[in-house]
Amino acid sequence: MKTQTESRQAILSSVLRRFSEHEFTIHRTLETDQTFVDLCEELAVAEAALANVDQFPPTVRSERRAEWQDIVERLLKEIEVALQEKRRPG
C-alpha cells in the first residue's frame with residue numbers, strides 16, 4: 001500500500017507528465033481544490049490500469065484497453081479545462 005507521500009507523488013507525476021507547462025498552476029491547484037485533486041488521482045489510477053492491461057486475459061484485453069484509454073482521454077480533457085479556468089484572471 002502506498003503512503004500518502006507516494007500517492008501524492010504518483011498523482012503529481014501523472015498530471016505533470018501531460019501538462020508540464022502548467023507546473024506552477026498544478027502545484028497551486030492541488031493545494032486548494034479537492035475536485036482537481038480527485039481528477040488527478042483518477043488520472044493516475046487510470047494510467048496505471050492502462051499500463052497493466054496486458055495482465056488481462058487476451059479475450060478481454062483490447063476491450064479493457066479501449067475502456068481505460070477512453071477514461072484517460074476524458075480525464076485529460078477535464079484537467080485541461082480546469083487548468084485553463086485557473087489560469088484565467090479574475
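The values are calculated or read from the model by the stated rules, or taken from the named source; none is laboratory data. In this text the structure is predicted, and so the values were computed from the model without any measurement. All Cβ positions, even for glycine, are placed from backbone atoms using ideal geometry, and neighbour counts span all protein chains on display.
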**Request:** Please verify whether segment 57-65 includes one or more residues that are surrounded by 15 or more Cβ atoms within 10 Å (Cβ to Cβ), more than 19 Å from Gln9 (Cβ to Cβ) and either touching a Cys at 6+ places or on another chain (Cβ under 9 Å) or of a type outside the set (Phe, Trp, Tyr) (or both).
**Result:** yes
**Request:** For Arg28, state whether it is part of a helix (DSSP H, G or I) and at pLDDT 95 or above.
**Result:** no
**Message:** When you check Ala48 against the structure, is it surrounded by 18 or more Cβ atoms within 10 Å (Cβ to Cβ), of a type in the set (A, V, I, L, M) and either modelled with pLDDT of 90 or more or in contact with a Leu (Cβ under 7 Å, 6 or more places away or on another chain) (or both), yes or no?
**Reply:** no
**Prompt:** Regarding Thr35, is this residue loosely packed, with under 12 Cβ neighbours inside 10 Å and under 18 Å from Leu16 (Cα atoms)?
**Reply:** yes
**Complete:** Within segment 49-67, residues assigned to a helix (DSSP H, G or I) and either touching a residue at least 24 places away in the same chain (Cβ under 8 Å) or of a type outside the set (A, V, I, L, M) (or both) come out as Asp54, Gln55, Pro58, Thr59, Arg61, Ser62, Glu63, Arg64, Arg65, Glu67
**Complete:** Listed by first then second residue, the pairs whose first member lies in segment 1-27 and is within 17 Å of Glu80 (Cβ to Cβ), whose partner is among the small types (Gly, Ala, Ser) and surrounded by fewer than 13 Cβ atoms within 10 Å (Cβ to Cβ), with beta carbons under 6 Å and at least 6 positions apart or on separate chains, are none
